[in-house]
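The values are calculated or read from the model by the stated rules, or taken from the named source; none is laboratory data. Since this is a predicted model, take the numbers as computed values, not measurements. As a convention, Cβ positions derive from the backbone with ideal geometry for all residues, glycine included, and neighbour counts pool all protein chains shown. These area figures cover heavy atoms from the full protein model, side chains too; ligands, DNA and RNA do not enter into them. Shrake-Rupley method; radii C 1.70, N 1.55, O 1.52, S 1.80 Å.
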Amino acid sequence: STDNSVDIISNAIRDVPNARLIALDQNEGVVRGLNRLTEEATSDWIAFVAADDYLFPNYASMMEELIRKNPSVGFVSAGVEIWDENENPTGERPIFYPSLSPRIFTASETRQLLMRGDNYFWSQVTFYRRQALLDIGGFDVDFGSGTDGIALRDLALTHGFGFVPQKLGVWRLH
């Protein structure tokens, strides 16, 4: 960063015991940053929320409910509302929910699901199981902005996934 954001962040987290600033000497890009955060995190579950996206208040509790049912899944995800640059709702994803009730999909069920359709996973509203993400090597920098979609499919096909059929966040498209 070329501004004083490091100082601003340092001051903002000074009294937050579980917050830690990781300041790099040079910009390594978003994907490498996601991988670095995955490696540095100490929790079992991790979420990546862009600064311009938004999570609804019940997001964490809905995700935790599914995680408690099956902590070995690769991730848990939900629906996301899409907003334009003026914060007007323009749609939602996935277009078709893989289930109408919260549930876990095994790796085998995921294979069958993906043979019928795709685009069920949106990283804006996803809790990743940190170790599962590390086990697949994290996010592949070669896929650029599509890296999260590739990782989600890999995790779902390896470990299964959980899904909550509600919009639990906002993805802002600019």
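Below, the figures for the structure above:
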item	result
Those residues of the stretch 1-33 which are small (Gly, Ala, Ser) and either surrounded by 12 or more Cβ atoms within 10 Å (Cβ to Cβ) or over 22 Å from Leu152 (Cα atoms) (or both), in sequence order	Ser1, Ser5, Ser10, Ala12, Ala19, Ala23, Gly33
Unmet requirement for Met115, which otherwise passes all of (1) modelled with pLDDT under 95; (2) surrounded by fewer than 17 Cβ atoms within 10 Å (Cβ to Cβ); (3) under 15 Å from the mean Cα position of the chain (by Cα)	(3)
Selected residue [in contact (Cβ under 8 Å) with a residue 60 or more places away in the chain, outside any helix (DSSP H, G or I) and under 15 Å from the mean Cα position of the chain (by Cα)] from Leu168, Leu152	Leu168
Filter result for Ile95 (crowded, with 16+ Cβ neighbours inside 10 Å and of a type in the set (Val, Ile, Thr))	no
Identity of the residue in the stretch 49-59, out of contact with any Lys or Arg (no Cβ under 9 Å at 6 or more places or on another chain) and either open to solvent by 40 Å² or more (accessible area, probe 1.4 Å) or β-branched (Val, Ile, Thr) (or both), that ends up nearest to Ile136 (Cα to Cα)	Val49
Filter result for Trp122 (under 12 Å from the mean Cα position of the chain (by Cα) and open to solvent by 50 Å² or more (accessible area, probe 1.4 Å))	no
Filter result for the condition that a residue is within 18 Å of the chain's Cα centre (by Cα) and either open to solvent by less than 40 Å² (accessible area, probe 1.4 Å) or farther than 27 Å from Leu134 by Cα (or both), over Leu66, Leu100	Leu66
